[in-house]
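Structure, as C-alpha cells:
Every read-out reported here was derived from the displayed coordinates using simple, explicitly stated rules and does not represent laboratory data. Nothing here was measured: the structure is a model prediction, and the numbers come from that model. With ideal geometry, Cβ positions are generated from the backbone for all residues, glycine too; neighbour counts draw on all protein chains shown.
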Amino acid sequence: MRTPFIAGNWKMHKTVNEAEAFLKELLNKDLPSGVDAAICAPFIHLDRLVKGTNESIGIGAENGHFEDQGAFTGEVSIDSLSDLGVDYVIIGHSERREMFNETDEDVNKKVLKALEKDVIPIVCCGETLEERENNTYTEKITTQIEAAFKGVSESDAKKVVVAYEPIWAIGTGKSATSEDANLMCQLVRETIEKLFNKDVSEAVRIQYGGSVKPENVKEYMSEPHIDGALVGGASLEVESFVSLLEGAKNE
Ligand code: 13P
C-alpha cells in the first residue's frame with residue numbers, strides 16, 4: 001500500500017547543464033508507473049530542474065536552512081526552496097552530520113520547517129562502522145529518529161520519508177544485506193509507532209541507502225519494511241536510474 005520511492009542523491013556531482021541534459025533524456029524514457037521518483041541535486045541546479053520536469057520526476061534539494069532568512073552566509077532557506085517549487089529536501093545526510101557538524105537538533109528544526117513549507121523531508125539516519133561493531137547501532141538509530149520527529153504532528157509525520165543509510169555502506173560498494181537493511185528499517189518503523197501509532201508508522205515510507213545499484217535494488221525492495229532507495233553513485237547515469245525505477249516496481 002506504500003508507493004515505492006526511488007530518489008537519487010547527486011551530492012556534488014554534475015554541472016547545471018549536465019543536470020538539465022540528464023533530466024531531458026530521462027523524461028524521454030518510458031518510465032514505469034507506480035513508482036515515485038525524484039532527483040536531489042545541488043542548490044544552483046534546482047531552478048532549471050524544477051522548470052524542466054513534469055509530474056513523473058520530483059525534484060529535491062540536498063539540504064536547506066531552517067531559518068526563513070538571516071545572516072547565514074552561504075546557506076539556502078527551506079522557505080526559498082518551497083517558493084521555487086522544490087518537492088523534497090534531504091535532511092541530516094550522514095555527510096552533513098559528519099562533515100558539517102549537523103546535530104539531531106538541527107535535523108529536527110529542518111524537518112519541522114520543511115513540513116511547514118510543504119516540502120517533503122527525506123530524513124537520513126545511520127550508524128558508523130564503529131557503532132555497528134560496538135553494538136550501539138540500534139540506540140543510534142532510535143535516538144536519531146526520536147529527535148527528528150520531535151514536535152511533528154501525526155498528520156505531518158505520515159508525509160515524512162526516512163532513509164536508513166549505514167555510513168559504512170555509503171559509496172563503498174559494501175552494501176548491507178537485504179535482511180539486515182530490513183531489520184533496521186523495521187526498527188525505524190517500530191520507533192515511529194512508539195512515537196505516534198501504527199497508522200502513522202504504516203504510512204511512513206522508509207528507504208534503504210548505501211551502494212544500491214540496478215543489480216541489487218529488487219532484493220531490497222522485496223523486503224517488507226523497505227519501500228525504496230536513496231541512491232548516490234548509481235543515480236548519476238540515466239540508464240542506471242531507469243533500471244532502479246524498473247527494479248522498484250511492485251510485482
Ligand atoms: P551510494 O549509493 O553512492 O553508496 O550513496 C548512498 C547515499 O549516500 C545516498 O544518500
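A DSSP coil position with no more than 13 other Cβ atoms inside 10 Å describes the following chymotrypsin sites (Phe, Trp or Tyr not before Pro) in the stretch 69-115: Phe72, Phe100. Here the gap between Asp68 and Glu146, fully extended at 0.36 nm per residue and compared with their Cα-Cα distance, gives a gain of 25.6 nm. Using Cβ point charges alone (K and R +1, D and E -1), the dipole size of the chain about the Cα centre works out to roughly 260 debye. Holding the Cα-Cα limit at 29 Å, pick out from Lys140/Lys218; Lys110/Lys218; Lys51/Lys198; Lys51/Lys174; Lys117/Lys198; Lys24/Lys140 the pairs that are longer than that. Those over the limit are Lys110/Lys218; Lys51/Lys198; Lys51/Lys174; Lys24/Lys140. Taking amide H as placed 1.01 Å from N in the peptide plane, Ile90 has its amide H under 5 Å from the amide H of Ala61, Glu62, Asn63, Ile122, each at least 5 places away in sequence or on another chain. The value given for the stretch 1-149 is a Kirkwood hydrodynamic radius of 16.4 Å, derived from the mean inverse Cα-Cα separation. With one equal scatterer per alpha carbon and no solvent term, the Debye-computed log10 I(q)/I(0) for the stretch 84-164 at 0.13, 0.15, 0.22, 0.23 1/Å reads -0.39, -0.51, -1.00, -1.08. For every other residue with a beta carbon closer than 11 angstrom to the beta carbon of Asp180, add +1 if it is Lys or Arg and -1 if Asp or Glu, then tell me the sum. The answer is -1. Only Cα pairs under 8 Å and 6+ residues apart enter the sum, and on that basis the relative contact order of the stretch 7-135 stands at 20 percent. If R0 equals 30 Å, the separation of the Cβ atoms of Asn28 and Asn250 corresponds to a calculated FRET efficiency of about 0.80. Loop-resident trypsin sites (Lys or Arg not before Pro) (DSSP state other than H, G, I, E or B) in the stretch 28-92 with no more than 16 further Cβ atoms inside 10 Å of their Cβ: Lys29.
Neighbour counts of other C-beta atoms within 10 Å: give me His45, His13 arranged from fewest to most.
His13, His45
Look at the Cα gyration tensor of the stretch 56-106: its axes a ≥ b ≥ c give a/c of at least 1.5 with a/b at or below b/c, and that counts as oblate. The C-alpha atoms of the chain occupy a region whose extents along the principal axes are 46, 44, 34 Å, arranged from largest to smallest.
Based on Cα contacts under 8 Å between residues 6+ apart, the chain shows a relative contact order of 22 percent. Can you classify the stretch 134-250 as rounded, prolate or oblate using the Cα gyration tensor, where a ≥ b ≥ c are the square roots of its eigenvalues, rounded means a/c under 1.5, and otherwise it's prolate if a/b beats b/c and oblate if not? Here the stretch 134-250 falls in the prolate category. What whole number of Å gives the distance from the Cα centroid of the stretch 125-194 to the Cα centroid of the stretch 29-72? Going from one Cα centre to the other spans 23 Å. Mind running the shape call on the stretch 71-206? Use the C-alpha gyration tensor, a ≥ b ≥ c as the square roots of the eigenvalues: rounded below 1.5 for a/c, prolate if a/b tops b/c, oblate otherwise. Taking the square roots of the gyration eigenvalues as a ≥ b ≥ c, the stretch 71-206 is oblate. For the chain, the membrane-span-like helix rule (DSSP H, alpha carbon extent of at least 30 Å along the helix axis, mean Kyte-Doolittle at least 1.6) picks out no helix; this says nothing about an actual membrane.
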